[in-house]
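The values are calculated or read from the model by the stated rules, or taken from the named source; none is laboratory data. The structure presented is a predicted model; accordingly, all values stated were derived computationally and were not measured. As a convention, Cβ positions derive from the backbone with ideal geometry for all residues, glycine included, and neighbour counts pool all protein chains shown. Note: accessible area is taken over every heavy atom of the protein model, side chains too, but ligands, DNA and RNA are not part of it. Shrake-Rupley method; radii C 1.70, N 1.55, O 1.52, S 1.80 Å.
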Amino acid sequence: MRNGFKLLAKKKMLQSRVFFVQEEKWRGPNGTFSRHTVVHPGAVAILPFDNKGRVMMIRQFRPATGDWLLEIPAGTLEKGEKPLPCAKRELIEEIGFAARKWKKLGAVYTAPGFCSELIHIFEARDLSAEFAEKDEDEHIELAAMTMEQVKRAVQ
């Protein structure tokens, strides 16, 4: 048992390209209960700054929302991939820049009520242009924004 809870059984219910959904049966202090969990391999998000101190944001169409969202570049870890190499790859793929200076800012669970995704967050500086093919399902527009513009967009 871990912290008073024990996983008794799990069954894969759905497999997608990136994640799967499993049904889990747990025993806790007050008896047994079931949950569905989205099991995700993890991801990275990058806060890239250009040489003028602007944040290189992206506008990306997200089918789950049916709309374009303003985001920092991000991407999913490949099997066996470590977070920093993933962040370097995703930065090139999503905004067409590589960075010479990297700093890990931390990591957060995105939706721990139903999903295991842990996203590692990095700061990237000293950017230089570099090309890589975008994923075919990504529709991205680059938006260089000052921190004041980012704050207003968040509000």
Subject >> In range of the label at Lys10: residues from the range 30-69 whose backbone nitrogen is under 15 Å from the point 7 Å along Cα→Cβ >> reply: 34-42
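Given a 1.4 angstrom probe, what's the average accessible area per residue across the chain, in square angstrom? Mind dumping the intermediate values first?
Details: 10120 Å² over 155 residues.
Result: 65 Å² per residue.
Heavy atoms only, probe 1.4 Å: what % of the accessible area of the chain goes to carbon and sulfur, would you let me know?
53 percent
Fully extended, how many nm does the chain gain between Ala111 and Trp68 (0.36 nm per residue separation, minus their Cα-Cα distance)?
The span from Ala111 to Trp68 would gain 13.4 nm if fully extended.
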**OP:** Could you state how much accessible area Val39 has, in square angstrom rounded to the nearest 10, with a 1.4 Å probe and all protein chains kept in place?
**Re:** 40 Å²
Original post:
If the label point is 7 Å along Cα→Cβ of Thr146, which residues in the range 48-80 have backbone nitrogen under 12 Å from it?
Top reply: 53-55
